[in-house]
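A quick write-up on the structure given underneath.
The values are calculated or read from the model by the stated rules, or taken from the named source; none is laboratory data. From a predicted model like this one, the values you see are computed outputs, not experimental measurements. Virtual Cβ from ideal backbone geometry, glycine too; neighbours counted across all protein chains shown.
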Amino acid sequence: MHNTKLLQVLATLSAKELEEFQAHVNELSKREATKKLLAHLSTFEDKWQHEDLQLEAVGKQLGYKAPYKSLSNRASDLYKILMEFMVVRRPYSKDYRFEKEFLELKIFEEKAADKLKKLQREKLIRQLDQSKTKDQWSAFRQMLLYDVSYYNSIEENRIDQKKTEIEQSLKLEEHFHISSRLKYSTELLSRSQIMKFPTEKYNALFEEVLSSKIDPTDNYQLLYQATFRALYTQVPKDFTIAYSLLQQKEELLTKTDRYQIFLYLINAVAQHSRLKTIEYGQQLLALYKFGLPRKLLFHEGQITRVTFLNIVDIATKMRDFAFAKEFIRTYTKKLPKDYQKDTSTLAEVMIKFERKEYDIVLEKLRTFNFKYPDEKFRAHILVLCTLYDLKSEPNVIWDKCNSFRTFTSRNKTKLNSTFLLGIESFISFVQKLLQQKLSQARLKNDLNQTDPIVMRIWLQEKLESYKGIS
């Protein structure tokens, strides 16, 4: 039951509120199974990530039979009761000044999700157009329906539609509480940047939100406005301010808000660090160090291979080898078991490469057979860079470029198009360095204009010693 909405909301209750909710359920619920489930879950107060809260463990404890569908139904019933209880009993809390309205919308969203399963999206839109409500929340309710549609499909046209609906909703609801405007504006901006949609047409809206007066004693407003400002201005100083506030105020936020703000910041900084590693690399590494002990980078108690390698990559580029080694030692066991040997081996080779221990790099990569496509690609990249740094014969490096390109072509269906494009740009750039037909200034300009491209810092270093035409 980890990461279910029920446990996420239960985790936000104080001890008194949990006690009141138990009394509420015991008084109103007709299902003894629902009461029994809540009584059991309540014994894990402040331990909502405990391993005994896995669906199977709870099911066995309460006498359910696999695959525990009945237990899932009781949890769903309890979640609905909890949401209704919170709207009535928690209209104002310290962190959510707008919580009553927001929770009403979340309940509406839950109903919309069920409806969406039965209706095609086009029919849903027509129905929305024909039955617009007149209350002040109508625009945001419509936006939440599109939100459900967004999460059920990632086609770009639907993402763009969803994004447009948020913008329209924000403009329509001028009297909507500043907390909500900040929340949805940050979501809109973050999503636009991740999908690389142009945001110029939103500038007026964003400037209005950015200049809105907030309550300086409201930690929720303070954090979201600082995060929004960092994403909007894209100035390193603003990211530093937002991260500093997150460090200072994290205990005053709900776990959900802490995670969401962390996610906005790390996604944005990671994007910027690809082009400006020197300016943003240390901030990205600091965010990784912040997120690891708080388990903000984990999913169901594990860390993905991509995240694992990205952390080692930025740590080595920032020359923090001690942290990289300690990270591998500590967190390899958090990788899925089938991945641990391959991923940790590649991570160790990445450290050796940055420390210029090229003989060890070549020996490891030539004797170890990586199972996963992305790790095979990373290994090829490191071999090519190592051959170049060892000043191998140009023909040898050129042939390696061609064989790598052939390997890429044969495996292009196994990785995403952005990563493959970055590899192709990298191979072409290495060949330009070998040919030495262009000036240093021209190649520097070309590199600055090329995105995506892998190994950008390494290429920048090679350009410093490049002796092409003058």
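Computed values, structure above
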{"read-out": "Members of region 448-465 that are part of a loop (DSSP other than H, G, I, E, B) and in contact with a Phe, Trp or Tyr (Cβ under 9 Å, 6 or more places away or on another chain)", "value": "450, 452, 453, 454, 455"}
{"read-out": "Verdict on residue 217 being modelled with pLDDT of 75 or more and within 21 Å of the chain's Cα centre (by Cα)", "value": "no"}
{"read-out": "Residue count, region 24-53 (criterion: modelled with pLDDT of 85 or more and in a loop (DSSP other than H, G, I, E, B))", "value": "2"}
{"read-out": "Among (1) farther than 21 Å from residue 459 by Cβ; (2) buried (at least 18 other Cβ atoms within 10 Å of the Cβ), the one test that residue 281 misses", "value": "(1)"}
{"read-out": "Residue selected from region 20-66 under the condition more than 28 Å from residue 301 (Cα to Cα) and in contact with a Ser or Thr (Cβ under 9 Å, 6 or more places away or on another chain), by the criterion surrounded by the fewest Cβ atoms within 10 Å (Cβ to Cβ)", "value": "22"}
{"read-out": "Residue pairs meeting the criteria (Cβ under 6 Å; at least 6 apart or on separate chains; first in the same structural domain as residue 267 (by TED's automatic domain parsing) and surrounded by fewer than 16 Cβ atoms within 10 Å (Cβ to Cβ), in region 232-244; second among the hydrophobic types (A, V, I, L, M, F, W, C) and not in a helix (DSSP H, G or I))", "value": "none"}
{"read-out": "Test result for residue 207, of a type outside the set (A, V, I, L, M), assigned to a helix (DSSP H, G or I) and loosely packed, with under 14 Cβ neighbours inside 10 Å", "value": "yes"}
{"read-out": "Residue match in region 346-367 (condition: farther than 28 Å from residue 272 by Cα, touching a residue at least 24 places away in the same chain (Cβ under 8 Å) and touching an Asp or Glu at 6+ places or on another chain (Cβ under 7 Å))", "value": "yes"}
{"read-out": "Matching residues, region 381-440, being part of a loop (DSSP other than H, G, I, E, B), of a type in the set (Ser, Thr, Tyr) and under 28 Å from residue 357 (Cα atoms)", "value": "392"}
{"read-out": "Count of residues meeting criterion [free of Cβ contacts under 8 Å to residues at least 24 places away in the same chain and among the basic types (Lys, Arg)] in region 376-422", "value": "5"}
{"read-out": "Residue in region 249-267 that is farthest from the chain's Cα centre (by Cα), counting only those that are of a type in the set (S, T, N, Q) and buried (at least 17 other Cβ atoms within 10 Å of the Cβ)", "value": "254"}
{"read-out": "Set 457, 453, 427: member being surrounded by fewer than 16 Cβ atoms within 10 Å (Cβ to Cβ) and either closer than 17 Å to residue 387 by Cα or β-branched (Val, Ile, Thr) (or both)", "value": "457"}
{"read-out": "Subset of region 210-225 (residues that are surrounded by fewer than 14 Cβ atoms within 10 Å (Cβ to Cβ) and either assigned to a helix (DSSP H, G or I) or among the basic types (Lys, Arg) (or both))", "value": "213"}
{"read-out": "Selection from region 419-434 of residues that are farther than 15 Å from residue 394 by Cβ and not aromatic (Phe, Trp, Tyr)", "value": "420, 421, 422, 423, 424, 425, 428"}
{"read-out": "Hits in region 360-374 (condition: assigned to a helix (DSSP H, G or I), in contact with a helix residue (DSSP H, G or I) (Cβ under 9 Å, 6 or more places away or on another chain) and either of a type in the set (Phe, Trp, Tyr) or surrounded by fewer than 20 Cβ atoms within 10 Å (Cβ to Cβ) (or both))", "value": "360, 362, 364, 366, 373, 374"}
